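Scroll down for the structure; my scribbles are underneath it.
The values are calculated or read from the model by the stated rules, or taken from the named source; none is laboratory data. Because the structure is predicted, anything quoted here is derived from the model rather than measured. Neighbour counts are summed over all protein chains in view; Cβ atoms, including those assigned to glycine, are modelled from backbone coordinates with ideal geometry. Heavy atoms of the whole protein, side chains included, go into the accessibility calculation; ligands, DNA and RNA do not. Shrake-Rupley method; radii C 1.70, N 1.55, O 1.52, S 1.80 Å.
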Amino acid sequence: MDDFFNIIFSNEFLVSILRLSTPILFAALGALISNKAGVVNIGLEGIMLFAALFGVLGCSWTGNLFAGGLIGVLIGAFVSALLAFSTLYLKSDTILTGVVINLVGAGGTIFFLEVFTGDKNVSTSIVSEVFPTLEIEAIKDVPFIGGLLSGHNVLTWVAIALAILLWFVVNKTHFGIKLKAVGENPVAASSLGIPVKNYRFIAIVLSGVLASVGGIFLSMGYVSFFASNMTAGRGFIALAAEAMAMGNPLFTLLSSLLFGFMSALAIAFGSSGFMAIFNEIFEMMPYVATIVALIVYAVIAKQKNKMKEVKNGKSLGKGIQNDVRRRPSGIRRR
Amino acid sequence: MDNVLQLVGIGRVYGNGIVANRDINIEVRRGEIHAIVGENGAGKSTLMEIIYGMEKPDSGQMFVYGKEVNFSSSMDAIKMNIGMVHQHFMLVNSLTVGENLILNTPKNTIINKRKIAQLTQELCEKYGFNLDGNAVVKNLSVGNQQQLEILKALYRGAQILILDEPTAVLTPQETEKLFEQLKNLKEKGHTILFISHKLNEIVGISDRISILRQGTIVDTFETSTVDVSQLSNLIVGREFSEKIEKPEIERGDVVLRVDGLSYANSPVKKLLDDVSFTVSKGEIVGLCGVEGNGQRELIQAITGAIKNYSGTIELCGASVKGISRKKLRERGVAHVPEDRIAEGLSKDSSIADNLISTLYINGKFIKHKFFLDRKTIKEFSDEQIAKYEIKANDSNDIVGMLSGGNMQKVVVAREFEDDPVFAVIDQPTRGVDIGASKIIRDKIVELRCNGCAVLLNSADLSELLNISDRVLVFYSGKIVADFENLTEIDEETLGRYMLGLDDMFRDEKDGQE
């Protein structure tokens with residue numbers, strides 16, 4: 001029991017929260033950008049796996065960390081471009097195509113792993129590098145502050161920076177509002193000459209690129225090898241994190257941290273041996289948290305809608321000139 | 001040569017063989033308000049879409065400022081200074097007014113809120129509009145959303161402005177304001193193409209009128225040469241009278257009794273406040289009021305969509321509180337809902353399937369206890385199609401392909417065919433052309449003459465006054481007027497009650513308090 005509290009009040013625990021949040025945050029930002037354009041990219045999980053594998057392979061082929069990472073991201077981008085092409089131009093169902101990508105990702109990565117390394121489970125037979133962590137000597141051992149600022153992988157900082165950058169892009173740039181227009185009202189967007197399909201294509205590929213960075217973080221930062229199905233559902237958790245954040249990149253950062261915290265807690269329980277018989281239960285925590293989070297999100301959203309209805313003067317007698325809406329209900333629904 | 005727009009022999013045939021437009025010739029002069037009228041399905045929308053580059057014509061030529069054009073998308077039309085305000089607004093709800101305004105008109109990469117607000121302000125001043133650049137679109141009233149649409153087109157340089165049924169969603173006050181602005185735009189040299197079903201509006205605002213019938217322009221003339229009744233004859237293409245034959249009949253027993261009905265969806269506002277009235281056999285009771293004053297909630301309570309009301313609603317002496325819609329139907333309640341597409345029909349099913357969707361249950365269309373009897377269904381459907389003059393090739397046509405008026409006829413046919421004891425009819429002719437409206441109104445009267453009790457809610461005051469036997473005016477969730485003798489009242493009088501200026505029962509109510 002003491003062990004458990006020693007663990008969760010240590011700087012290492014803080015670092016582990018951020019480490020576990022990083023891949024989720026990358027993928028959640030990916031989910032966000034495609035959702036903004038009105039496409040649910042359910043294939044994030046598969047895309048992450050492809051990137052994770054080819055990052056490691058690329059690194060061992062080129063001997064260069066960044067070249068390896070780039071290869072991983074390019075493969076991920078290619079897979080998401082396939083998804084985009086298939087759904088946008090061949091009109092396949094987005095969700096089904098995403099599911100296919102996940103299945104191909106799970107099986108295909110094992111296939112390619114065996115083709116290139118001869119292994120079926122992990123890529124330990126080849127040498128791959130990892131992205132460095134940034135230790136800040138001066139504050140490393142200061143409680144809390146040290147854990148907050150020091151000892152994180154460069155990609156963790158990149159992810160946080162991207163969340164802020166994405167907030168700016170979505171809300172403050174022409175590209176951002178066009179993306180929202182395409183997602184929210186594609187007919188309106190195209191009536192203004194915005195090429196809806198092109199924007200969606202770009203959004204899906206960008207979403208794949210972001211998820212891919214999350215993928216290579218797993219195999220080239222979190223650990224130094226690829227293991228089969230190492231994403232372990234993070235692509236789906238990312239979708240939940242994005243939904244909970246209601247499409248706001250900064251809230252996505254927070255919701256990803258929440259999931260990171262749940263995972264870190266599960267690990268802390270596991271390694272401290274505290275209530276060891278419940279280990280499997282603890283390991284479920286991030287996933288249970290996903291479900292709880294989605295329920296809470298749905299309830300809040302419903303409540304909010306109700307409030308809005310009352311506020312928007314479905315109530316009566318309120319300024320006949322101003323607020324009487326004579327649109328037959330349901331026109332929007334079509 | 002003052003034609004800003006000229007169409008010569010324009011034709012458009014859809015993939016499924018439907019001829020939307022054929023051999024259309026029209027000239028639109030600079031600085032005029034040119035109304036395009038015609039029945040539902042006459043091809044107005046297709047014609048506008050062709051002018052705005054959304055549809056490509058199969059034949060014919062189009063000239064803008066005397067120059068032949070060939071639009072491949074609406075971007076080309078925008079470049080030629082043509083703008084369109086669609087019936088369903090093309091706005092992005094989560095963005096602000098300013099953001100919608102500048103959408104896809106790139107100047108900088110980064111959005112400067114202050115500059116956009118200033119731009120909105122300047123445009124508003126220039127054209128006499130009143131919008132806040134920082135307001136979020138979904139919080140705007142429908143009238144303001146429409147203003148934004150017009151402003152959007154003007155900002156993109158529109159000289160020729162197409163308005164597709166702009167007044168369908170506006171209150172009378174908003175309509176008046178819109179017309180003032182349109183006249184203002186006309187004086188500034190803009191040309192306006194105006195589609196509407198409301199004939200008095202057309203006569204009031206347009207300079208010239210073109211009539212579209214069965215896909216082609218049959219006539220174009222100066223507005224000053226016609227009046228409303230001549231115009232309606234021209235649209236339908238034959239002598240046409242909007243007059244409804246309504247024989248006097250004896251009122252029978254009370255069918256619906258509403259007593260002390262109150263309903264609130266929040267603690268602060270009562271949407272229905274102690275409403276009591278009856279509807280008897282062979283009587284049409286009209287509900288009247290500015291939208292949002294309780295009529296919708298009343299209908300929802302009667303049809304079972306709202307259950308947590310206080311007071312009683314009795315049908316033939318028995319309460320209907322909490323019973324399912326199926327039970328309601330079994331007790332002889334017919335319902336023509338306000339939103340025919342979302343609630344009244346299955347858009348992707350055939351006319352026949354829609355017609356029997358509430359009737360099959362009584363066993364008439366079932367054979368061998370289990371299977372649908374397609375033959376009887378087809379006979380029944382063909383009969384209804386003929387009886388209600390539904391314009392379709394076949395009873396297997398998909399309802400979603402029909403025009404609005406014909407969709408409504410399908411709903412009405414189904415609801416009226418089951419000999420209802422009581423019918424709730426909500427906005428039966430909204431967005432429906434005059435020909436179809438006449439048929440629907442005739443059928444409502446016929447239903448009443450057969451002894452049905454009818455509750456009619458309509459925003460069309462002349463319709464209410466013409467076919468109702470009694471009119472109840474709602475304001476603020478209360479009945480403020482109950483007119484038995486409809487020959488003595490006019491729309492103005494109704495208007496005073498609708499706006500809450502008068503209240504027949506005010507003294508009575510004060511006395512109670």
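What to note about this one:
- Amide H contacts under 5 Å for B:Phe474, placed H, 5+ residues apart: B:Cys288, B:Gly289, B:Val480
- Label-point gap, in nm, between B:Asn139 and B:Asn233 - each point 7 angstrom along Cα→Cβ: 5.3 nm
- For peptides A:148-158, B:376-386, sequence by mean Cβ density within 10 Å, most packed first: A:148-158, B:376-386
- Between helix B:404-416 and chain B: long-axis angle, C-alpha atoms, 0 to 90°, nearest 10: 10 degrees
- Residue separation of B:Glu248 and B:Glu314 scaled by 0.36 nm, minus their Cα-Cα distance, works out to 21.1 nm of gained length.
- Shape of segment A:1-86, Cα gyration tensor, a/c cut at 1.5: oblate
- Segment B:449-473-segment B:58-100 distance, computed between alpha-carbon centres (Å): 41 Å
- Gain on full extension, evaluated as 0.36 nm per residue between A:Asp93 and A:Asn6 minus their Cα-Cα distance, stands at 26.4 nm.
- As a length-normalised measure over Cα pairs under 8 Å and 6 or more apart, the relative contact order of chain A settles at 31 percent.
- Whole-number accessible area per residue in Å² for chain B, which is evaluated in the context of all protein chains at 1.4 Å: 44 Å²
- FRET efficiency estimate (nearest 0.05) - Cβ-Cβ, B:Lys327 to A:Asn121, R0 45 angstrom: 0.15
- On Cα atoms only, tilt of B:142-155 relative to the major axis of chain B in degrees: 10 degrees
- Centre separation in Å (Cα based) which lies between segment A:1-33 and segment A:121-136: 19 Å
- Evaluated at q = 0.11 Å⁻¹: base-10 log I(q)/I(0), Debye formula over Cα of segment A:2-325: -0.74
- Cα-based convex hull volume of the protein assembly as shown per residue, rounded to whole Å³: 235 Å³
- Rounded to the nearest 0.05, the FRET efficiency derived from the C-beta distance between B:Lys364 and A:Met246 at R0 = 41 Å is 0.20.
- Environment charge of A:Phe274, counting only residues whose C-beta is closer than 13 Å and scoring Lys/Arg +1, Asp/Glu -1: -2
- DSSP H segments from chain A that extend 24 Å or more along their own axis, Cα-based, with Kyte-Doolittle mean of 0.0 or above: A:11-36, A:44-62, A:65-84, A:94-117, A:154-172, A:196-217, A:249-272, A:285-309
- Positive contributions from Lys and Arg (+1) and negative ones from Asp and Glu (-1), summed over other residues with Cβ under 10 Å from the Cβ of B:His86, come out at -4.
- With a 10 Å cut-off around each Cβ of A:168-180, the average count of Cβ atoms from other chains is 4.
- Across segment B:282-386, the relative contact order, built from alpha-carbon pairs under 8 Å that are at least six residues apart, equals 12 percent.
- Whole-number percent relative contact order across chain B, with pairs defined as alpha carbons under 8 Å at least 6 apart: 14 percent
- Prolate/oblate/rounded call for segment B:19-104, Cα gyration tensor, a/c under 1.5 rounded: prolate
- Across the alpha-carbon set of segment B:414-494, the Rg to Rh ratio works out to 0.96, Rh being the Kirkwood radius.
- Counting Cβ atoms of other protein chains within 10 Å of each residue's Cβ and taking the mean over peptide B:89-97 gives 5.
- Distance histogram for segment A:70-191 (every C-alpha pair counted, 10 angstrom bins, percent rounded to whole numbers): 10, 20, 29, 24, 14, 2
- For B:76-86, mean number of other protein chain Cβ atoms within 10 Å: 1
- Highest-first arrangement of B:160-173, A:78-91, where packing means the average Cβ count within 10 Å: B:160-173, A:78-91
- Cβ-defined net charge surrounding A:Leu88, 9 Å radius [Lys, Arg +1; Asp, Glu -1]: +3
- Seen through its C-alpha gyration tensor, with square-root eigenvalues sorted a ≥ b ≥ c, segment A:206-285 comes out oblate because a/c lies at 1.5 or above while a/b is not bigger than b/c.
- When the listed pairs B:Lys246/B:Lys478; B:Lys269/B:Lys443; A:Lys172/B:Lys67; A:Lys302/B:Lys326 are checked against a 32 Å cut-off, the alpha-carbon distance exceeds it for B:Lys269/B:Lys443; A:Lys172/B:Lys67.
- Both radii were evaluated on the Cα set of chain B; the Rg over Rh quotient, with Rh as the Kirkwood radius, amounts to 0.99.
- Note on segment B:355-513: Cα convex hull, mean projected area over all directions, 12.4 nm².
- The A:Phe112 and A:Asn64 beta-carbon pair, evaluated with R₀ = 22 Å, returns a calculated FRET efficiency of approximately 0.65.
- Summary of packing: across the peptides B:253-262, B:59-68, B:148-157, the per-residue average of other C-beta atoms within 10 Å ranks them, highest first, as B:148-157, B:253-262, B:59-68.
- Since only A:Leu162, A:Ala293, B:Gly31 are under comparison, the one whose Cα sits farthest along the positive direction of the charge dipole of the protein assembly as shown, derived from C-beta charges on Lys, Arg, Asp and Glu, is A:Leu162.
- Projected label distance in nm at B:Ser346 and B:Asn70, using a 7 Å step from Cα toward the beta-carbon: 4.6 nm
- Distance between segment A:141-208 and segment A:216-275 - C-alpha centres, whole angstrom: 19 Å
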